[in-house]
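Below is one structure; the comments refer to it alone.
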Amino acid sequence: MFEVLTGTGLAASAGLNAYIPLITMGLLARYTELIELPSGWQWLGNGWVVLILAALLAVEVVADKVPVVDHVNDIVQTVVRPTAGGLAFGAGASSETVTVSDPGSFFSSHQWVPVVTGVVIALGVHLLKSAARPVVNATTAGFGAPVASTAEDVTSVIMSVVAIILPVLVLAFLLGLVAFLFWFVRRRSDRRRERQAARAAGFRV
């Protein structure tokens, strides 16, 4: 079960920022004993791979904090983040960590399942993030973009580390994500009704 929580946390993290969970796994595998990547995923700990991911992360961090540019970035990331989520779930769920000592016992067959699962999870988080950002930009005249982006980056870092060290806390994050989804949908519905009411009042005048 911890394998699923680890993979889920890493994939959800990738939905917010494609590169943070991959870099986190690579650095922890390279410099600590908190995670041991399986043979098929050890390339994540390669120094050059980490450097390339760090360069891509730098571009992502800047682009995601500029209004309008962040929207274009989200369109591009519609492919990148789910792909990273699939890689993160596949690598994380099959790794030995401080809480998982026999990851192969859970995904003993159908190795494509964790990758596809990670793609779906990351895509869902990405779509929610992409839908929320225009609302943030519109209601704050663009000033909320860097604040929201920084919060997302910090959440991605924390979620990546927690998913590896204490995956049970991933459940709390998922519950929070579901609560935010319900709030966001309700908020958009309320705003839509307010606009329709204002438009109807204008026509009556």
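The values are calculated or read from the model by the stated rules, or taken from the named source; none is laboratory data. Note that the coordinates shown come from a computational prediction; the quantities given were computed from them, not determined experimentally. Using ideal geometry, Cβ is built from the backbone for each residue, glycine included, and neighbour counts are taken over all protein chains shown. What goes into the accessible areas is simple: the full protein's heavy atoms, side chains included, and nothing from ligands, DNA or RNA. Shrake-Rupley method; radii C 1.70, N 1.55, O 1.52, S 1.80 Å.
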| said: Given a 1.4 Å probe and heavy atoms of the protein chains only, how would you sort ARG193, ARG81, largest accessible area at the top? | reply: ARG193, ARG81
| request: With r as the distance between the Cβ atoms of LEU51 and HIS71 and R0 = 22 Å, compute the FRET efficiency 1/(1 + (r/R0)^6) and round to 0.05. | output: 0.20
| request: Take peptides 118-127, 84-93 and line them up by average Cβ neighbours within 10 Å, highest first, as a rough protection proxy. | output: 84-93, 118-127
| task | Note down the accessible area of GLU96, probe 1.4 Å, to the nearest 10 Å². | result | 80
| query | Carbon and sulfur: what percent of segment 119-165's accessible surface (1.4 Å probe)? | reply | 86
